Amino acid sequence: MPKRILVLDGHPGPDSLCGALAVSYVQGAAGAGHDVTLLRLSDMTFDPDMGAGYEPKKVLEPCLAEVQDKIAWCEHLVIVHPMWWGLMPAKLKGLIDRVLLPGFAFSYKSGQMLPEKLLQGRTAEVLVTADSPRWYLYL
């Protein structure tokens, strides 16, 4: 059964191995009959800084609103990104901070210890590239 798939190329540069992997994933999934959308972090201009947190609410730039719309639309999310200094690129972290907000990704409920999950029913994959040998990554 075809799925709605969102592929996020999480590399901040326009030409990268991650970008090539993302395009290859899109081609394979589309070839298998899935409805696929590709978004590229390198095409987005936004302030990655959360500021003081969730309050006061910061208005989403149009590219971040589109990411939210596509996450709401998709049934399967794929994020492709490099690992730099053991982490994802700062711009990708900023996107996640700014997009996965209360009222969209989760909701706090009075008297409950954990928030309610608002994006349930989706699956996800994270494809991470690294230029370090495997033995070094698992020290």
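The values are calculated or read from the model by the stated rules, or taken from the named source; none is laboratory data. Just so it is clear, the structure is predicted and the values come from calculations on it, not from any experiment. Cβ coordinates were reconstructed from backbone atoms using ideal geometry, including for glycine residues, and neighbour counts include every protein chain displayed. For the accessible areas, the whole protein counts, side chains as well, though only heavy atoms, and no ligand, DNA or RNA atoms are used. Shrake-Rupley method; radii C 1.70, N 1.55, O 1.52, S 1.80 Å.
Taking packing as the residue-averaged number of other Cβ atoms within 10 angstrom, the listed peptides 80-88, 44-52 run from highest to lowest as 80-88, 44-52.
The HN-Hα couplings worked out from phi for segment 95-104 by the Karplus form 6.51 cos²θ - 1.76 cosθ + 1.60 (θ = phi - 60°) are 4, 4, 4, 7, 9, 8, 9, x, x, 10 Hz, whole numbers, x standing for Gly and Pro. About the centre of its Cα atoms, the chain shows a dipole size close to 340 debye [charges on the beta carbon of Lys, Arg (+1) and Asp, Glu (-1) only; nearest 20 debye].
Using 0.36 nm times the number of residues separating residue 118 and residue 35, minus their current alpha carbon distance, what extension gain do you get?
Working: separation 83, 0.36 × 83 = 29.88 nm, distance 2.23 nm.
Full extension of this stretch gives 27.6 nm more.
In this structure residue 122 has an accessible area near 80 Å², from a 1.4 Å probe over the protein heavy atoms.
What does the charge add up to near residue 46, with Lys and Arg as +1, Asp and Glu as -1, over the other residues with Cβ less than 9 Å from its Cβ?
Details: positive: 91, 98; negative: 47, 61.
Its environment carries a net charge of 0.
Note on segment 1-76: with charges restricted to the Cβ of Lys and Arg (+1) and Asp and Glu (-1), its dipole about the Cα centre is near 240 debye. Shown are 108, 138, whose ranking by accessible area with a 1.4 Å probe and every protein chain present, most to least, is 138, 108. Taking θ as phi - 60° and the Karplus parameters 6.51, -1.76 and 1.60, the scalar couplings of segment 106-118 work out to 7, 9, 6, 10, 4, x, 10, 6, 10, x, 6, 7, 9 Hz in sequence order, x denoting glycine and proline. Across the options 51, 78, 65, the greatest Cα extent toward the positive end of the charge dipole of segment 1-91 (unit charges at beta carbon of Lys, Arg, Asp, Glu) belongs to 78. Compactness of the chain is given as radius of gyration and Dmax, 16.2, 48 Å, from Cα positions.
Taking 21 Å as the limit for the C-alpha separation, the pairs 70/117; 3/58; 57/91; 3/91; 58/93 exceed it in the case of 3/58; 3/91.
In order along segment 2-8, the Karplus-derived 3J(HN,Hα) couplings, from 6.51 cos²θ - 1.76 cosθ + 1.60 at θ = phi - 60°, round to x, 10, 8, 10, 10, 10, 10 Hz, and Gly and Pro are given as x.
Think of a 1.4 Å ball rolled over the protein heavy atoms: the chain then has 63 Å² of accessible area per residue. Just to check, using Stokes-Einstein with a Kirkwood Rh over alpha carbon pairs, what's the diffusion coefficient of segment 61-139 at 20 °C and 1.002 mPa s in µm²/s? My calculation gives 145 µm²/s for D.
Using a probe radius of 1.4 angstrom, the carbon and sulfur fraction of the accessible surface of segment 14-139 is 58%.
Take the Cα of residue 130, step 7 Å toward its Cβ, do the same at residue 105, and the gap between the two points is 2.2 nm.
Quick one: net charge of residue 23's neighbours, Cβ under 13 Å, K/R +1, D/E -1? Please list the in-between numbers first.
Values: positive: 40; negative: 9, 15.
That works out to -1.
Mind giving me the FRET efficiency for residue 3 and residue 90? R0 is 25 Å, r the Cβ-Cβ distance, nearest 0.05 is fine. According to the calculation, E is roughly 0.25. Between residue 129 and 81, 83, the built amide H atoms are under 5 Å apart, and every one of these is 5 or more places off in sequence or on another chain.
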